[in-house]
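Every number here is computed from the coordinates shown, using simple stated rules; none is lab data. Here the structure is a predicted model, which is why all the values come from computation and not from measurement. Here the Cβ positions follow ideal geometry from the backbone for every residue, glycine too, while neighbour counts run over all protein chains shown.
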Amino acid sequence: MDFPERNFEDEFVFQTSRSGGPGGQNVNKVSSKVELRFNIETSALLTEEEKGIILIKLANKINKVGELVIVSQTDRSQLKNKEKVIEKFYLLLEKALTPRKKRLRTKPTKASIEKRLESKRVQAKIKEGRREIDL
């Protein structure tokens, strides 16, 4: 599912901060960690049905204010982290809004049924052999 007709970038709010990880002294002075915040409830680009699905499926990534929060701090570049966070956003939306395939029930094969019945017969014989013999 692609969102070519929808431009979510207008509704994004980005926050930057210092990130941990590799970078040496650069880490202490550059804000390369990027946090994307997207308010689901106020979004004009999502239908009410889509909002409901997202609120349920991505509940662990949504804060108390109703914002979807995604973080990236893997790269030393703020621009690369911003690109990654946008990519993560679209992948999350796509995954959440893609309906699950319904499972098709299948019948057991004749061979598997026969195998199960045979194993039951063997088990019955074993148990029958454990009975006390009446004299």
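Towards the positive end of the charge dipole of the chain, with charges on Cβ (+1 Lys, Arg; -1 Asp, Glu), say which of 31, 129, 62 has the farthest Cα.
The residue sitting most towards the positive pole is 129.
Roughly how many nanometres apart are two label points built 7 Å out from the Cα toward the Cβ at residue 30 and residue 113?
According to this spin-label approximation, the distance is 6.8 nm.
Test of understanding: what is the full-extension gain from residue 63 to residue 83, defined as 0.36 nm times their sequence separation minus their Cα-Cα distance? The partial results should precede the final answer.
Working: separation 20, 0.36 × 20 = 7.20 nm, distance 2.20 nm.
Full extension of this stretch gives 5.0 nm more.
Relative contact order for the chain: what is it in percent, counting Cα pairs under 8 Å that are at least 6 residues apart?
On the way: 129 pairs, mean separation 28.9, N = 135.
It rounds to 21 percent for the chain.
Rank these for me by crowding, 32, 43, 77, going from fewest to most other beta carbons within 10 Å.
On the way: 32 23, 43 17, 77 12.
Exposure proxy ranking, most exposed first: 77, 43, 32.
Students often forget the sequence filter, so: which aspartates and glutamates lie under 16 Å Cα-Cα from residue 57 once same-chain residues fewer than 8 apart are removed?
Candidates past the 8-residue exclusion: 41, 48, 49, 67, 94.
With the crude spin-label approximation of a point 7 Å out along Cα→Cβ, what separation in nm comes out for residue 47 versus residue 76?
4.7
Mind checking which lysines have their Cα closer than 29 Å to the Cα of residue 125? Skip sequence neighbours fewer than 8 apart in that chain.
By straight Cα distance, residue 125 reaches 107, 110, 115.
Taking the chain as a Gaussian network, where each spring joins two C-alpha atoms under 10 Å apart, which residue of 16, 42, 106 fluctuates the most?
Result for the chain, Cα springs under 10 Å: 106 fluctuates most.
Here are some values of P(r) over Cα pairs in 5 Å bins from 0, in percent: (1) 2, 7, 9, 11, 9, 8, 8, 6, 6, 6, 5, 5, 4, 3, 3, 2, 2, 1, 1, 1, 1, 0, 0, 0, 0; (2) 2, 9, 13, 14, 10, 8, 6, 5, 4, 4, 5, 6, 5, 4, 3, 2, 1, 1, 0; (3) 2, 11, 22, 25, 20, 14, 5, 1, 0. Which one was computed from this structure?
(2)
Quick check: the distance between the Cα centres of segment 92-120 and segment 59-84, to the nearest angstrom?
37
Which GluC sites (Glu not before Pro) in segment 72-135 sit in a loop by DSSP (not H, G, I, E or B) and have at most 13 other Cβ atoms within 10 Å of their own Cβ?
Numbers: sites: 83, 87, 94, 114, 118, 128, 132; in loops: 132.
Passing both the DSSP loop test and the Cβ count: 132.
Which entries of 64/101; 29/51; 51/84; 80/102; 64/95; 33/64 have Cα-Cα distances beyond 27 Å here? Intermediate results must be reported in sequence, preceding the final value.
Values: 64/101 31 Å; 29/51 38 Å; 51/84 23 Å; 80/102 38 Å; 64/95 22 Å; 33/64 22 Å.
With Cα atoms farther than 27 Å apart: 64/101; 29/51; 80/102.
Just to be sure I understand the rule: take each whole DSSP H helix in the chain, project its Cα atoms onto its long axis, keep it if the span is 15 Å or more and its mean Kyte-Doolittle hydropathy is at least -0.5. Which ones pass? Please report the intermediate quantities before stating the final value.
Details: long enough: 78-97 (28 Å, -0.30); 110-128 (27 Å, -1.24).
Helices passing the filter in the chain: 78-97.
Pick from 95, 115, 29 the residue whose mean-square fluctuation is largest in a GNM of the chain, springs joining Cα atoms under 10 Å.
Result for the chain, Cα springs under 10 Å: 115 fluctuates most.
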